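The structure appears right after this line, and notes come after that.
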Amino acid sequence: MTTPALDTPRSFQEIILRLQNYWASKGCAILQPYDMEVGAGTFHPATTLRALGDTPWAAAYVQPSRRPTDGRYGENPNRLQHYYQYQVLIKPSPSDLQDLYLGSLKAIGIDMSLHDIRFVEDDWESPTLGAWGLGWEVWCDGMEVSQFTYFQQVGGHDCKPVSGELTYGLERLAMYILGIDHVMDMPFNDPSAPIPLSYRDIFKQTEEEYARWNFDVANTETLLQHFKDAEAECEAILAQPHEDPKTGKRIVMAHPAYDQCIKASHVFNLLDARGVISVTERQAYIGRVRALAKQCADAFVQTEAGGYKAAEA
Amino acid sequence: MPDLLIELFSEEIPARMQARAAKDLQKLITDGLVEVGLTYAGAAAFHTPRRLTLAVGELLAQSKPTVEERKGPAVGAPDKAIEGFLRGAGVSKDDLEVRTVGKKEVYFAAIHKPGRLAEDVIAEVLEAAVHNFPWPKSMRWGAGNLKWVRPLHSILCILSDEEGARVVPFEVEGIVSSNTTRGHRFHAPDAFAVSSFDDYTSKLARAHVVLDAAERSDAIWQDATNQAFAGGFEVIEDAGLLAEVANLVEHPVVLMGTIDEDFLELPAEVLQTSMREHQKFFSVRSTKTGRIERFVTVANIATADNGATILAGNQKVLSARLADAKFFWENDLRVAKAGMGPWTEALSNVTFHNKLGSQADRIARIVALARRLADVTGSDANETEQAAGVAKADLSSEMVYEFPELQGLMGRYYAKAAGMSEAIAAAAQEHYSPLGPTDAVPTAPVSVAVALADKLDTLACFWAIDEKPTGSKDPFALRRAALGVTRLILENDLTLPLGDIISAAHADADASDLLAFFHDRLKVYLRDQGIRHDIIDACTAMDGNDDLNLLVKRARALSDALKTDDGENLIQGFKRANNILSQAEAKDGVEYSFGADIKFAEADTEKALFGALDTADAAIASAMKSGDFAAAMSAMAQLRAPIDAFFDDVKINADSEIIRRNRLNLLSRIRTTCGAVADLTRIEG
């Protein structure tokens with residue numbers, strides 16, 4: 001048995017904290033998770049919307065993510081319906097982004113001289129966000145530990161300048177570093193804490209509860225209605241004139257509209273888990289969410305954060 | 001003469017694009033050099049995950065000066081014209097030469113172009129190459145506008161000769177050319193300068209980079225087979241994987257690991273597919289047991305622990321993957337052993353096409369069609385029906401959901417597990433075949449019946465809803481399906497009139513239109529075998545053209561016959577007869593099909609033709625009856641001599657109207673007799 005180097009983290013949260021510290025030290029704003037259900041860290045407006053326009057940006061955050069179809073009642077060693085992603089987005093992508101990324105692996109205890117780190121082609125595409133980019137999945141000893149993408153388009157808009165996006169699947173990465181075979185066995189806080197808590201202590205019960213609800217109980221008629229409502233609200237928000245009649249200010253409501261787009265996307269995922277969406281309908285639903293994402297992107301570039309300059313008006 | 005060395009250093013280039021890119025770089029640069037007269041002795045291109053390199057040996061340092069002669073205005077032309085000419089040519093009036101052209105005195109200018117320095121041309125050509133590189137997919141990064149496959153970091157570009165090396169100076173979007181590069185990402189990340197190609201390769205080697213992909217793949221294969229051999233194993237060859245793996249590393253390190261005992265019961269194909277697709281591992285077979293028991297992975301780094309950590313990590317990832325596969329396999333086997341009920345039921349919830357119902361509806365159609373086809377293939381009707389019913393059941397299995405490329409193969413395992421016959425299990429795998437023009441065609445009767453039913457159902461259904469292929473669009477792979485049906489029929493020598501079976505497959509399908517589609521595909525297929533399209537047209541014009549086997553036999557016989565001297569000349573004779581007859585019929589407004597009478601025959605050759613036609617008719621009729629097209633064709637070809645002799649000797653438009661009409665009726669007999677074999681009017685030439 002090999003003794004772990006002093007530098008090896010001891011818990012899930014320590015890995016997260018180290019990533020936070022590392023990216024903070026590299027100048028990123030450490031944001032908090034977005035307060036809505038999303039399927040991946042990319043959905044956070046700090047990524048999707050901020051990748052648009054020419055305003056420089058550097059942010060990092062943990063994003064709880066939900067994939068209802070991946071629920072396994074907490075029994076599968078690697079699959080969860082609720083998990084965490086660590087997300088970094090820097091615009092324009094710095095020329096040493098690969099080195100910055102490798103530095104983050106080092107920060108969480110991966111010794112580059114003992115491990116085999118590889119950048120393997122993986123083109124990223126999100127049909128629901130109308131987004132795509134080129135990059136790699138990063139392998140550590142044959143395991144995918146991150147997704148590394150140079151965004152080319154989001155919501156149908158060319159990304160100019162280009163953002164570099166890094167996504168870490170936190171549970172899988174942490175399990176590898178901590179040498180854990182089943183996610184539920186992973187120490188969440190320090191194992192020598194007065195009250196040590198494992199991933200199981202915190203999430204086994206919720207995985208069961210949500211798996212049951214996602215697969216068998218969620219009311220599909222209500223969900224279908226939620227989808228339609230979110231879609232309608234999104235469009236209604238965006239149909240408003242840019243000038244607010246009350247304050248007289250120019251207020252383009254890109255973010256409230258985008259919330260509805262996120263909602264529609266998550267409702268669609270729930271409907272999918274309930275098995276009520278056929279193969280052909282699937283495409284149609286994805287197309288509807290994409291249409292919303294595109295309109296939100298159109299709206300965001302009409303905002304100041306999205307690069308709108310008052311002089312242009 | 002100097003040597004040129006170029007290296008484009010970037011972030012990791014996708015493995016599959018590297019070889020092509022190295023070739024493209026070589027072509028773009030050398031073409032550009034040669035175009036301005038900069039010739040060279042030799043060139044070679046290389047690639048690794050992070051670099052494209054081109055070495056050009058013994059390049060001309062300067063292109064030769066050239067002189068271009070330009071004709072100007074005539075002497076005495078208006079001053080304006082002469083001035084314009086001088087300006088355009090960049091010469092003064094004193095430099096002009098006067099020559100006599102025809103009767104005029106004309107000015108000529110000699111424009112001297114000095115030779116161009118290699119560095120100037122290289123800078124231009126390389127800059128253009130970087131801007132217009134034909135990557136299959138390229139991207140922008142940062143705030144720049146340049147497009148490359150992944151961010152481009154540096155460009156090394158030097159010319160070297162006895163006097164040393166010099167950088168070819170230029171800049172592309174902020175990247176300034178230099179004489180430096182970097183070694184392996186982890187082993188030797190620092191920049192270093194190089195002075196020649198030899199210097200470059202030896203410094204790279206010291207910096208843990210093997211520049212030549214062939215050298216990398218040879219080393220990997222050598223090391224893998226040696227390690228395997230030493231332990232009593234053999235590596236299963238996989239050229240595609242080897243090429244890919246060699247392009248994922250600059251410093252290959254081969255590591256052999258063990259597959260956990262728990263997973264050795266999985267089907268070999270599952271192990272192999274999972275390892276290859278997910279992990280890019282080679283499968284390694286025990287020479288003793290014949291089972292896959294080891295794997296080979298290729299790392300990009302040499303470590304102090306000789307790869308122990310890397311191997312342990314890979315092994316762990318593999319075990320997690322195979323645990324999934326084993327879980328799927330065991331679940332699937334349980335369903336299979338219980339008769340696959342849930343799978344076939346699940347197919348009714350899967351839409352095949354919104355106008356064509358569910359997968360279950362589709363299976364029901366294929367079952368009915370397969371049962372009907374059992375007669376044709378000579379298989380047992382009940383067994384065929386059962387085979388068609390379960391042939392696609394594995395589409396609902398967990399294993400196929402995870403590894404779609406295992407469809408069919410898993411079906412075979414699961415049908416056997418369900419206790420079904422070998423023929424049914426084989427059909428589950430083989431009914432997808434053939435997938436292209438060259439892969440194997442099933443021959444087992446049950447497999448053939450299900451394969452035909454599957455493809456004919458698809459064709460008839462998409463024809464019924466008018467979703468035919470157009471131009472390059474064929475989203476449902478209908479051309480492939482039609483070719484598959486054709487090959488199944490021909491290579492199994494089946495008699496299968498398609499008209500009825502298409503109507504049986506889907507009542508709304510336009511059978512004659514679909515048949516024409518088959519005939520088109522058949523032309524493409526037979527063209528590759530040297531049979532002309534017009535020959536196929538001549539045969540499809542005949543009755544029974546929906547029996548592809550019969551049709552092809554006729555076409556082959558006709559093609560062979562036309563290759564003989566008699567055959568070729570017969571066509572000429574036939575055409576002559578047909579033309580004369582058609583013109584006369586058009587002019588006279590009648591059809592000369594009353595039957596010629598030998599009593600009006602005057603010339604001997606005319607009488608002989610009567611006899612020859614009688615003989616041919618009898619021979620052709622009996623040959624056709626027994627399906628002997630070769631005999632029919634040869635009987636027809638026998639007419640060549642009598643027809644030629646007749647035309648040489650006899651004037652059709654005789655003065656006597658009775659004799660003329662009789663001769664036209666005789667020509668009509670030629671048309672009828674030959675027409676029993678094929679429609680020769682369709683033959684070109």
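A few notes on this one:
- Test: residue in segment B:464-486 that is in a strand (DSSP E or B), farther than 15 Å from B:Pro437 by Cα and of a type in the set (Val, Ile, Thr): yes
- Within segment B:304-322, restricting attention to residues that are without any contact (Cβ under 8 Å) to a residue 24 or more places away in the chain and surrounded by fewer than 20 Cβ atoms within 10 Å (Cβ to Cβ), the residue that is nearest to the other protein chains (Cβ to nearest Cβ) is B:Thr309.
- Residue in segment B:140-149 that is at pLDDT 95 or above, in a loop (DSSP other than H, G, I, E, B) and at positive phi present: yes
- Failed item in (1) away from chain A (no Cβ under 14 Å); (2) assigned to a loop (DSSP other than H, G, I, E, B); (3) under 25 Å from B:Gln407 (Cβ atoms), with B:Lys288 passing the rest: (3)
- Scoring B:Ala325 on the criteria (1) facing chain A (nearest Cβ under 10 Å); (2) touching a Ser or Thr at 6+ places or on another chain (Cβ under 8 Å); (3) assigned to a helix (DSSP H, G or I) leaves a single failure, condition (1).
- Any hit, segment B:108-125, residues being modelled with pLDDT of 90 or more, under 30 Å from A:Pro56 (Cβ atoms) and touching a strand residue (DSSP E or B) at 6+ places or on another chain (Cβ under 8 Å): no
- Residue check for B:Leu570: of a type in the set (A, V, I, L, M, F, W, C), in a helix (DSSP H, G or I), buried (at least 18 other Cβ atoms within 10 Å of the Cβ) and in the same structural domain as B:Met633 (by TED's automatic domain parsing): yes
- Segment A:124-138, residues that are at the interface with chain B (Cβ under 9 Å from one of its Cβ atoms) and either farther than 17 Å from A:Ala51 by Cα or touching a residue at least 60 places away in the same chain (Cβ under 8 Å) (or both): A:Trp136
- The residue list A:Asp111, A:Asp35, A:Asp96 contains one member that is away from every other protein chain (no Cβ under 14 Å) and of a type in the set (Asp, Glu), which is A:Asp35.
- Residue within segment B:364-383 that is assigned to a helix (DSSP H, G or I) and within 14 Å of chain A (Cβ to nearest Cβ) present: no
- Number of positions in segment A:139-163 that are away from chain B (no Cβ under 12 Å), assigned to a strand (DSSP E or B) and surrounded by 20 or more Cβ atoms within 10 Å (Cβ to Cβ): 3
- Within segment A:46-84, the set of residues being within 18 Å of A:Met175 (Cα to Cα), in contact with a helix residue (DSSP H, G or I) (Cβ under 7 Å, 6 or more places away or on another chain), among the polar types (S, T, N, Q) and not in a strand (DSSP E or B) comprises A:Asn78, A:Gln81.
- Per-region count, segment A:121-138, residues surrounded by fewer than 17 Cβ atoms within 10 Å (Cβ to Cβ) and more than 23 Å from A:Ala293 (Cβ to Cβ): 0
- The sole residue among A:Ala211, A:Ala236, A:Ala230, A:Ala218 that is without any contact (Cβ under 8 Å) to a residue 24 or more places away in the chain and either within 20 Å of A:Asp259 (Cβ to Cβ) or not polar (S, T, N, Q) (or both) is A:Ala236.
- Taking segment A:200-313 and the helices (runs of 4 or more DSSP H) fully enclosed by it, the elements with 3 or more residues that are within 14 Å of chain B (Cβ to nearest Cβ) and closer than 26 Å to A:Gln153 by Cβ are at A:279-300.
- Flag for A:Leu166 being within 30 Å of A:Gln260 (Cα to Cα), within 13 Å of chain B (Cβ to nearest Cβ) and either in contact with a helix residue (DSSP H, G or I) (Cβ under 9 Å, 6 or more places away or on another chain) or part of a strand (DSSP E or B) (or both): no
- Residues of segment B:150-162 that turn out to be assigned to a loop (DSSP other than H, G, I, E, B) and under 15 Å from A:Leu134 (Cα atoms), as a count: 2
- Within segment B:163-196, the set of residues being of a type in the set (Asp, Glu) and either within 14 Å of another protein chain (Cβ to nearest Cβ) or part of a strand (DSSP E or B) (or both) comprises B:Glu171, B:Glu173, B:Asp190.
- Residue match in segment A:86-93 (condition: closer than 27 Å to B:Asp324 by Cα and more than 9 Å from chain B (Cβ to nearest Cβ)): yes
- Of the residues making up segment A:98-114, those that are in a loop (DSSP other than H, G, I, E, B) and either buried (at least 22 other Cβ atoms within 10 Å of the Cβ) or of a type in the set (A, V, I, L, M) (or both) number 4.
- Count of segment B:19-56 residues, restricted to those that are surrounded by fewer than 22 Cβ atoms within 10 Å (Cβ to Cβ), polar (S, T, N, Q) and either within 14 Å of chain A (Cβ to nearest Cβ) or in contact with a helix residue (DSSP H, G or I) (Cβ under 7 Å, 6 or more places away or on another chain) (or both), is 0.
- Breaking point among (1) part of a loop (DSSP other than H, G, I, E, B); (2) in contact (Cβ under 8 Å) with a residue 24 or more places away in the chain; (3) more than 15 Å from the chain's Cα centre (by Cα), for A:Ser95: (2)
- Within segment B:129-139, the set of residues being in a loop (DSSP other than H, G, I, E, B) and more than 14 Å from chain A (Cβ to nearest Cβ) comprises B:Asn132, B:Phe133, B:Pro134.
- Test result for B:Arg661, basic (Lys, Arg), in contact with a helix residue (DSSP H, G or I) (Cβ under 6 Å, 6 or more places away or on another chain) and at negative phi: no
- Any hit, segment B:513-525, residues being outside any helix (DSSP H, G or I) and not assigned by TED's automatic domain parsing to the domain that holds B:Leu667: no
- Residue match in segment B:235-247 (condition: closer than 25 Å to B:Pro49 by Cβ and in a strand (DSSP E or B)): yes
- Of the residues examined, B:Leu152 is one that is within 14 Å of chain A (Cβ to nearest Cβ), under 30 Å from B:Met1 (Cβ atoms) and either out of contact with any Leu (no Cβ under 8 Å at 6 or more places or on another chain) or surrounded by 20 or more Cβ atoms within 10 Å (Cβ to Cβ) (or both).
- Taking segment B:1-18 as the range and being within 14 Å of chain A (Cβ to nearest Cβ) and of a type outside the set (S, T, N, Q) as the test, the residues that pass are B:Phe9, B:Glu11, B:Glu12, B:Ile13, B:Pro14, B:Ala15, B:Arg16, B:Met17.
- Residue list for segment B:248-268, restricted to those being assigned to a helix (DSSP H, G or I) and surrounded by fewer than 17 Cβ atoms within 10 Å (Cβ to Cβ): B:Glu261, B:Asp262, B:Ala268
The values are calculated or read from the model by the stated rules, or taken from the named source; none is laboratory data. Small disclaimer: the values here were computed from a predicted structure and weren't measured. Virtual Cβ from ideal backbone geometry, glycine too; neighbours counted across all protein chains shown.
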